[in-house]
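J.: Dropping the structure in here first, questions after.
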Amino acid sequence: MAYNLPGGSSSFQQEQPFVDAQFDIFEWHVQYQSCVRYFLDHAQYTSPVQAVAAFVNIQLPFQKTGHPILSSKPGFVPPGAPGLAMGLPGAPSSSRAAAAAAAVQPTAYVTLVPYIRRLIATAFDFPAVLHGFFGDDWVAGIGPIHETERRNYLFAAKSDNWLKVKTDYDMNEDQTIPFLRPLQNVSEKEIVNAETTWSEWLAMQDWMLGPRAPSGVGSGA
């Protein structure tokens with residue numbers, strides 16, 4: 001990555017030892033925004049995504065009671081968006097109600113992390129579902145987050161008991177996670193990477209960092 005920091009020649013990548021040497025945060029962000037747009041403008045209005053979201057008990061952006069987000073474009077109402085007229089008494093038609101809701105919509109900001117976490121913890125994070133939620137760019141766009149959150153789920157299970165892990169994966173507005181399932185489709189490489197990262201964390205707990213780091217831990221290799 002060739003982004004030079006002010007006052008020096010070191011690159012932005014060199015300031016991020018936790019990411020792969022080939023990872024470009026600026027290229028990734030373009031793909032991530034594509035996933036956000038797909039999720040907001042299309043996926044949240046499809047029956048399969050709504051069914052999965054209902055089953056794992058997580059609200060889609062347009063279902064939020066306080067500040068529903070209807071689209072990535074403020075003021076735009078997706079055609080045929082369901083339920084947009086609900087809760088607007090006296091509206092003469094669903095189309096006018098939807099327009100009224102869109103008129104007060106703030107600039108859209110949605111983080112995809114809660115949805116990725118919920119899909120992982122309920123074992124719905126297989127490729128077909130991720131594609132349905134986040135579109136064709138999901139591998140490049142949310143793939144790095146997906147990989148990291150799978151590792152975090154492993155760490156959560158290792159760190160505490162079932163009840164505490166479930167509490168950590170509950171969300172507000174009655175969006176408690178209905179069940180937890182073990183991580184699915186785990187590869188040997190994923191386990192090895194998790195073990196390495198966990199060892200680095202344990203080393204930090206004991207202040208085994210820098211010149212005190214155990215061999216092979218914290219070297220960025």
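The values are calculated or read from the model by the stated rules, or taken from the named source; none is laboratory data. Predicted model, so just to flag it, every value in this text is computed and none were measured. Every residue, glycine among them, receives a Cβ derived from its backbone with ideal geometry; neighbour counts consider all protein chains shown.
J.: Working carefully through the options LYS64, LYS73, find the one that is at pLDDT below 95 and either in contact with a Lys or Arg (Cβ under 9 Å, 6 or more places away or on another chain) or β-branched (Val, Ile, Thr) (or both). I'd like the intermediate steps shown before the answer.
T.: Values: LYS64 fails: either in contact with a Lys or Arg (Cβ under 9 Å, 6 or more places away or on another chain) or β-branched (Val, Ile, Thr) (or both).
Just one listed residue meets the conditions, LYS73.
J.: Could you tell me whether GLY132 is among the small types (Gly, Ala, Ser), modelled with pLDDT of 95 or more and touching a helix residue (DSSP H, G or I) at 6+ places or on another chain (Cβ under 7 Å)?
T.: Details: among the small types (Gly, Ala, Ser): yes; modelled with pLDDT of 95 or more: yes; touching a helix residue (DSSP H, G or I) at 6+ places or on another chain (Cβ under 7 Å): yes.
Yes: the conditions hold for GLY132.
J.: Report the residue count in the range 10-36 for those that are aliphatic (A, V, I, L, M), at pLDDT below 85 and out of contact with any Pro (no Cβ under 9 Å at 6 or more places or on another chain).
T.: Initially, the range 10-36 is screened for residues aliphatic (A, V, I, L, M), giving 19, 21, 25, 30, 36.
Adding the requirement that they be at pLDDT below 85 leaves 19, 21.
Then keep just the ones that are out of contact with any Pro (no Cβ under 9 Å at 6 or more places or on another chain); that gives 21.
Matching residues across the range 10-36 total 1.
J.: Another question about this same structure. Is there a residue being modelled with pLDDT of 95 or more, touching a Gly at 6+ places or on another chain (Cβ under 7 Å) and not in a loop (DSSP other than H, G, I, E, B) anywhere in the range 50-60? If you could, list the steps in order and put the result at the bottom.
T.: Filtering the range 50-60 for residues modelled with pLDDT of 95 or more gives 50-60.
Subsequent filtering for residues that are touching a Gly at 6+ places or on another chain (Cβ under 7 Å) retains none.
Looking for residues that are modelled with pLDDT of 95 or more, touching a Gly at 6+ places or on another chain (Cβ under 7 Å) and not in a loop (DSSP other than H, G, I, E, B), one finds none in the range 50-60, hence no.
J.: Sticking with this one: In the range 160-190, what count of residues is obtained for those that are assigned to a loop (DSSP other than H, G, I, E, B) and of a type in the set (D, E, K, R)? Break it down into steps so the answer makes sense when it comes.
T.: Step one: of the range 160-190, the residues assigned to a loop (DSSP other than H, G, I, E, B) are 160-161, 170-187.
Next, from what is left, pick out any that are of a type in the set (D, E, K, R): 160, 170, 173-174, 181.
Count: 5.
J.: Same structure, new question: Look through ALA128, ALA157 and report the one residue that is small (Gly, Ala, Ser), under 23 Å from THR196 (Cα atoms) and part of a helix (DSSP H, G or I).
T.: Working: ALA128 fails: under 23 Å from THR196 (Cα atoms).
One residue alone meets the criteria, ALA157.
Okay, residues lined up against (1) surrounded by 16 or more Cβ atoms within 10 Å (Cβ to Cβ); (2) touching a Pro at 6+ places or on another chain (Cβ under 6 Å); (3) more than 17 Å from ILE177 (Cβ to Cβ):
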position: TYR109; (1), (2), (3): no, no, yes
position: VAL113; (1), (2), (3): no, no, no
position: ARG117; (1), (2), (3): yes, no, no
position: LEU130; (1), (2), (3): yes, no, yes
position: TRP138; (1), (2), (3): yes, no, yes
position: THR148; (1), (2), (3): no, no, yes
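J.: Pairs please, first residue from the range 184-200 and closer than 20 Å to PRO214 by Cα, second anywhere and small (Gly, Ala, Ser), Cβ atoms under 6 Å, 6+ apart in sequence or on different chains.
T.: Note: pairs meeting the criteria are GLU200/GLY218.
J.: Kindly check whether there is at least one residue in the range 161-172 that is free of Cβ contacts under 8 Å to residues at least 60 places away in the same chain and touching a Ser or Thr at 6+ places or on another chain (Cβ under 6 Å).
T.: Of the range 161-172, the ones free of Cβ contacts under 8 Å to residues at least 60 places away in the same chain are 161-170, 172.
Filter again for touching a Ser or Thr at 6+ places or on another chain (Cβ under 6 Å), leaving 170.
Yes, the conditions are met somewhere in the range 161-172.
J.: Let me ask another. Search the range 126-140 for residues that are charged (D, E, K, R) and pair each with any residue that is surrounded by 15 or more Cβ atoms within 10 Å (Cβ to Cβ) and assigned to a helix (DSSP H, G or I) when their beta-carbon atoms are under 7 Å apart and the residues are at least 6 apart or on different chains.
T.: Short answer, once both residue conditions are applied: ASP137/GLN31; ASP137/SER34; ASP137/CYS35.
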